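See structure below.
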Amino acid sequence: MSSSSGDDEDAENGDNTSVAGVTNREDLVNRLAVEPCRAPDDRLGRTTASFVGRPVEGFTQRTFGGHLVAQAVLASAATVEDPERVVNSLHAYFLTSGSHEHPLRYDVDAVRDGRSLSIRETTVIQNARKLTRISASFCVPSAIGISTAAEAVVDPAVPAPETLEPLNRRRRLGLPADGIKLPTRRRWETASRPVDIRYIDDSQRRCFWFRTAAVRGVHQNVHRAILAFASDRSLLPAIAHARGDLAGAHTMRTASIDHSMWFHADVRAGDWYLYLQDSPFHTPKSGLALGSIVDERGRPVASVAQQGLILE
């Protein structure tokens, strides 16, 4: 965290929720870090471990669901003794919104440690309010099998990410609506949701390339937690895209009800991934958004589902 020297630097860093004169230069992996803390008394005798994490600093906004999910993955992973087990799936319910002003506590219940799977239930608490409940499974990849299918190839009609404009230039160039809220400024790493997005126009399915900052020398669960963070970035606008009103999506008030994710392969922060999105069902008040995340070779690495409310 640092103070900026003036309006020019503010225009280069962060996003529209940045605190004036403040730039958050902390790497995403450090923003998401959690630390053990004293667990609350559990009269039911369950095996509970607690961790504390921070909301993102330097911005005035409610807590980002992807931030909560990613920190819950890291807290849950810290309670799994077998280092070979990686997060395989997660299912989150968002109960109420949190703030940027207070720490977040993650209470992890070790539901089961079986021969193949470890199951964890995590409750995210802020100021005695339960924000989110998240279930996650961990396993050795061989326990569910490794795909032997021939590697797919990304449709050559999809342009490479380096040939597409970043969000800050899309706005200046007046390119078509993309539905993305809180677009990053030029130094995307300093934004509240530091994901470099390269949107693809004129596609039947809503899609974009994305990447986060590279991270080296960390467990695969950290890479997967970062992907979970990014998976919550601009998924609900797939509903507006399917309804044909993407132009107004960035002004709509929406709320995520839940977020589910399945991991199909190891991932690496810093690599480019293509996010293919669709909405098979929607009403004027809600919708279901589905996402497939593939790597640059076209290999599927994760699937995502999210239900959202359209508040106005």
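May I ask you to derive the relative contact order of the chain, considering only C-alpha pairs under 8 Å and at least 6 residues apart, and to give it as an integer percent?
17 percent
Can you put 28, 173, 288 in order of accessible area, largest first, using a 1.4 Å probe?
173, 288, 28
Of all accessible surface on the range 46-123 at a 1.4 Å probe, what whole percent is carbon and sulfur?
48 percent
Kindly provide the trypsin sites (Lys or Arg not before Pro) of the range 268-303 that DSSP labels as loop, not H, G, I, E or B, and whose Cβ sees at most 14 other Cβ atoms within 10 Å.
Counting only loop positions with at most 14 other Cβ atoms within 10 Å, the trypsin sites (Lys or Arg not before Pro) in the range 268-303 are 285, 297.
Between residue 253 and residue 20, take the C-beta separation as r, use R0 = 41 Å, and let me know the FRET efficiency to the nearest 0.05.
E between residue 253 and residue 20, to the nearest 0.05, is 0.95.
Around residue 138, under 15 Å between beta carbons, what's the net of Lys plus Arg minus Asp minus Glu among the other residues?
Within the 15 Å Cβ shell, the charges total -2.
By average Cβ neighbour count within 10 Å, what is the ranking of 259-265, 299-305 from highest down?
Most protected by this proxy first, the peptides run 259-265, 299-305.
Accessible surface of residue 144 in the full protein assembly, 1.4 angstrom probe, to the nearest 10 Å²?
Counting only protein heavy atoms, residue 144 exposes about 100 Å² to solvent.
If packing is taken as the average count of other Cβ atoms within 10 Å, what order do 32-40, 230-238 fall into, highest mean first?
The packing order, highest mean first, is 230-238, 32-40.
How much accessible area per residue does the chain have, counting only protein heavy atoms and a probe of 1.4 Å, in square angstrom?
Here the residues of the chain average 48 Å² of exposed surface.
The values are calculated or read from the model by the stated rules, or taken from the named source; none is laboratory data. None of the values given here were measured: they were computed from a predicted structure. Counting neighbours? That spans all protein chains shown, and the Cβs are built from the backbone with ideal geometry, glycine included. The protein model used for the area step is the full one, side chains on, heavy atoms only, and it has no ligands, DNA or RNA in it. Shrake-Rupley method; radii C 1.70, N 1.55, O 1.52, S 1.80 Å.
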